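To start, the structure under review is shown below, and the notes come after it.
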Amino acid sequence: MVLPSNWFSLSTPEQLFVIANLERIARGLPAYLGINAALSVNAQHAAQFNSDPSIAAGFTIGNDVQGEPGMGGAWAGGFSVLAADYVWMYDDGWGGSAAATSNIACTSASAPGCWAHRDELLGSDAPFNPGVGLNCQDCEMGTGFAQVNGSSSFVDLVELPKGSPPAMTFTWAQELSQGF
């Protein structure tokens, strides 16, 4: 994965959005459209409380192809956006013991919560959380970042809009126009 040339000029919420899209497009999945303000309010609240996000108020959510509410999200504590992404995408499974496992929902090698953050952000975890769908063409994100008791707290929230996608504060098209 290659970071865009403007990576260090992006805000932390923008970096969370961009890295999630880089993970998706690296796997041949469509990028999320952009950052939505209502979703970001929810994600910011979750970040302030070191918790996973919930369905956001003020955003009319659609159902995914399985008929489930189209949403997915994740929380991570860490040092940077890249560290949070690493935990979500590459260290979300069983580590051999509870002490060696970063995902508290992954209580054994076969626990349904293993890899759930990765699957939710990429768009598919049918046994645990159907999420937003791998091929979601109009999903939007909310991102949150807070310093809590001296530690960084990062949150991604993805939701499928019911109907036309609402206005966004930062879009994937804007990022692509930077020419990375």
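Every number in this text was worked out from the coordinates using simple rules, so none of it is lab data. Note that the structure is predicted; figures quoted are calculated from it, not measured. Cβ: placed from backbone, ideal geometry, glycine included. Neighbour counts: every protein chain shown.
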| Net charge contributed by nearby residues that have their C-beta within less than 14 Å of residue 3 (K/R +1, D/E -1) | -4
| request: At 0.36 nm per residue, minus the direct Cα-Cα distance, what do residue 66 and residue 105 gain on full extension? Give it in nm, one decimal, please. | output: 11.7 nm
| Leading residue at positive end of dipole, the stretch 1-138 (Cβ point charges), from 82, 123, 61 | 82
| Could you state the number of Å between the C-alpha centres of the stretch 19-90 and the stretch 92-125? | 16 Å
| Radius 11 Å from Cβ of residue 101, net charge of other residues (Lys, Arg +1; Asp, Glu -1) | -2
| field | Estimated distance in nm for a label pair at residue 7 and residue 54, the labels positioned 7 Å out from Cα along Cα-to-Cβ | value | 3.6 nm
| Length gain on complete extension for the stretch residue 86 to residue 147, per 0.36 nm per residue less the alpha carbon to alpha carbon distance? | 20.1 nm
| Length gained when the stretch residue 137-residue 97 is fully extended (0.36 nm per residue, less Cα-Cα span) | 10.6 nm
| field | Shape category assigned to the chain from the gyration tensor of Cα positions, a/c cut at 1.5 | value | rounded
| field | Overall form of the stretch 17-106 per C-alpha gyration tensor (a/c, 1.5; a/b vs b/c) | value | prolate
| said: So if I place +1 on the C-beta of Lys and Arg and -1 on the C-beta of Asp and Glu, and nothing else carries charge, what would the dipole magnitude of the chain be about its Cα centre? I want it in debye, nearest 20. | reply: 120 debye
| remark: Mean separation of Cα contacts under 8 Å (at least 6 apart) over the residue count of the stretch 1-104, i.e. the relative contact order in percent, is 17 percent
| field | Inter-probe distance in nm under a simple model that places probes 7 Å from Cα toward Cβ, at residue 25 and residue 173 | value | 1.5 nm
